[in-house]
Each structure stands twice: as C-alpha cells, then as structure tokens.
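Here the structure comes first, spelled out in structure tokens, and everything after it is commentary.
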Amino acid sequence: MAEFGKTVTFTRGQHLYMPEYLVTDPSVYLLLDGEVQIIHKYNPLQKEVFVYKKGDLVGLLELYTGGNRITSADAVTDVHAVAFTRENFEKAMISNLNFALGAIRILSKMLRQINQKIKALG
C-alpha cells in the first residue's frame, strides 16, 4: 500500500492530529510500526481512548465525515506509517480487496463502539 501513500514518522508524544483540525491531506494513516491512541472527549469528564497498532488505520472515520476532526491522535511510541490522501486511499482500496475489507472492518468496529456509547448515554 506504500505505493499509494507517503511514508511518515512520528516520535513518541507527537500529535498526528488534534480536535478541530480540518480534515486535510494526508487524512488516513496505515500504521506500519508503533502505537497511536485516539482520544474522543464527549465532555470535560467523559472521554474514550482507543489504541491502534501495526496494521490498523487511523483517521478513517473522519475521512468521510469531512469538516473538523472530533478526536485527537497521539503517538504512544515512535510510529512509522503510510499517510494517504482521500484520493489515494480510495485508489488503494480499489486496487486491493484485502485492504478494502480491512478498512470496512475497522469502520464497522468504530460504528459499533459509537452505537454502544450512544446507548449508554441514553
């Protein structure tokens, strides 16, 4: 998949993106090595933390919602990743069925987690 994106590195503690950042390019990261935590703050007292590792895609949900980021993504360790623009991410999905299915699985998991959170708040 590297041929569709650009290899990037982040050092431990560095932000991949923050809430309110515009979703610009690159917008999705395929983790080649390291760990990234995604934090979604619902309010000052409630937040969720998700940890992503090698092989995971980060920033995927917001790719299709557009606008501003609603989460922050921080490197827990040094991270090596492939950064995709939206256009190149879609080209990678078209060219590799396994990659596309992996992205769909990740989106499905995210949507289930969001749905569970909404039910818990109700």
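A short reminder: the numbers here are calculations on the coordinates, not readings from a lab. In this text, all values refer to a predicted model and were calculated from it rather than measured experimentally.
Quick notes on this one:
- Listed residues Ser108, Ser27, Ser72, most fluctuating in the chain (Gaussian network, C-alpha, under 10 Å): Ser108
- Read-out volume of the Cα convex hull per residue in Å³, derived from the coordinates shown; its label in (1) 124; (2) 90; (3) 98: (3)
- Listed residue pairs exceeding 21 Å between alpha carbons, taken from Lys41/Lys91; Lys91/Lys117; Lys41/Lys119; Lys53/Lys119; Lys53/Lys91; Lys47/Lys117: Lys41/Lys91; Lys91/Lys117; Lys53/Lys119; Lys53/Lys91
- Taking Glu90, Glu35, Glu62 as the candidate residues, the one with maximal mean-square fluctuation in a Gaussian network model of the chain, Cα springs under 10 Å, is Glu90.
- Here Lys109 is the anchor, and the aspartates and glutamates within straight C-alpha reach of less than 17 Å, apart from those fewer than 8 places off in the same chain, are Glu48, Asp56, Glu62.
- Cα gyration tensor category, rounded, prolate or oblate, for the range 17-73 with a/c compared to 1.5: oblate
- Gaussian network model of the chain, Cα within-10 Å springs - most flexible of Tyr21, Tyr42, Tyr52: Tyr42
- For the range 2-121: relative contact order, % (alpha-carbon pairs under 8 angstrom, 6 or more apart): 37
- Tilt relative to the chain, helix 86-95 - C-alpha long axis, 0 to 90 degrees, to 10: 60
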